[in-house]
Amino acid sequence: MNFPTTCKASLAALLLAATPCSCHGYNHGHSRLLQEEGAAPAPANDVCDSQGGTVPVLTPNASAVLVASTAYATPKTFSCEAVESIGIYYHFMGTGARFRISTCHAETSFHTNLIVSDANCAEVGCGEPYNSDLNAFDCEENPLGGMVELWTDEGANYTLVVRGETSVKDKGVFGLSLVEDERPSNDVCHDPEELQLNDGVVVVTGSNDNATRSELDCWPDVYPVVYYGVEGTGETFTATTCSNSSVLAFNSTIMVNDFVCNEKEGQRASGCGTSFSSADFECDDTGNAAIVEWETEKGVTYVVMVLSDGQDGRGEFALTIQAGDFSYESTNKTSGSNTAWLSTCTVALLVWVTLGLIM
């Protein structure tokens with residue numbers, strides 16, 4: 001049966017309004033995609049709405065891919081460039097963890113560019129440094145896609161733009177995912193990793209790489225923190241991140257608290273510690289290692305916090321906690337002064353042996 005063009009448009013619009021789709025785990029009322037030119041009006045998220053009324057709000061989902069289209073979106077000019085491009089908007093809220101936003105999926109049919117901004121809609125520009133072109137991630141699954149990785153602030157609102165990479169000709173269907181990196185099990189203060197001393201010492205390898213950036217009362221910024229619990233014996237305890245330099249990947253800090261966090265506090269610690277570390281220059285001359293000493297009471301649980309000395313310091317570390325007189329032997333590393341002494345003796349011995357052989 002042949003329909004007039006006007007009837008085709010009306011029928012297509014009716015199908016769009018009546019047929020929402022659940023797109024690989026997402027369901028934001030997106031219509032099924034019709035590729036006939038002029039068959040649909042501009043999508044609701046063609047215009048950025050700071051109140052979130054018409055712009056879908058995304059939540060992290062490791063297995064979901066949202067399939068949508070920019071085919072009928074209107075051309076836009078962003079603050080950093082004069083060339084128009086076609087794009088649509090999304091909102092999401094930060095959790096303090098790292099997010100990966102990607103269109104590197106088989107559904108993506110055109111060269112996409114992702115812009116992420118924590119500004120309001122009126123000030124969304126080109127998203128430096130959260131711009132998939134600037135970050136230059138390679139999409140192995142689909143080279144047409146783009147990817148942005150960013151550390152989010154807990155409770156902060158973000159705006160995402162999915163648009164064509166170069167001009168108004170770049171438009172069509174895309175697959176979009178929003179993934180939150182898995183956090184360490186001891187990411188929260190009220191659920192620390194419990195440590196048990198064996199012969200007065202314990203050594204554990206950890207990482208704050210994907211830890212939530214936690215707010216501390218005594219510092220104005222937020223830092224990635226992981227938490228350990230250890231029970232006092234009535235002796236002096238020493239904690240240090242002194243270890244083989246290949247393990248310690250950042251400038252570390254250690255804080256010790258004698259309070260027990262409750263679940264309502266979440267990631268937030270109520271203070272900066274009853275004991276605070278200093279740089280462990282006896283370990284090496286970089287000052288990246290930290291060391292702290294405190295008096296313990298028998299039966300009292302202490303929360304030991306390992307974090308960076310700056311907001312972006314992340315990576316692996318080895319934490320040693322020792323009761324009684326501290327020795328660097330427990331960390332599998334001699335102190336800097338001993339290392340220098342051994343090196344001097346080794347050189348002298350080699351010289352003496354060499355001279356002896358020559359003579």
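The values are calculated or read from the model by the stated rules, or taken from the named source; none is laboratory data. As the structure is a prediction and not an experimental result, all values here were calculated from the model. Using ideal geometry, Cβ is built from the backbone for each residue, glycine included, and neighbour counts are taken over all protein chains shown. Ligands, DNA and RNA are excluded from the accessible area calculation, which covers all protein heavy atoms including side chains. Shrake-Rupley method; radii C 1.70, N 1.55, O 1.52, S 1.80 Å.
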Just one listed residue, out of GLY336, GLY313, is in contact with a Cys (Cβ under 8 Å, 6 or more places away or on another chain) and either at pLDDT below 85 or open to solvent by 60 Å² or more (accessible area, probe 1.4 Å) (or both), and it is GLY336
Filter region 83-110 for residues that are at pLDDT below 90 and in a loop (DSSP other than H, G, I, E, B); the one that is surrounded by the fewest Cβ atoms within 10 Å (Cβ to Cβ) is VAL83
Filtering region 274-300 for residues that are over 25 Å from ARG213 (Cβ atoms) and surrounded by fewer than 21 Cβ atoms within 10 Å (Cβ to Cβ) leaves a count of 12
Scanning region 159-215 residue by residue, the ones that are basic (Lys, Arg), more than 18 Å from the chain's Cα centre (by Cα) and open to solvent by 30 Å² or more (accessible area, probe 1.4 Å) total 2
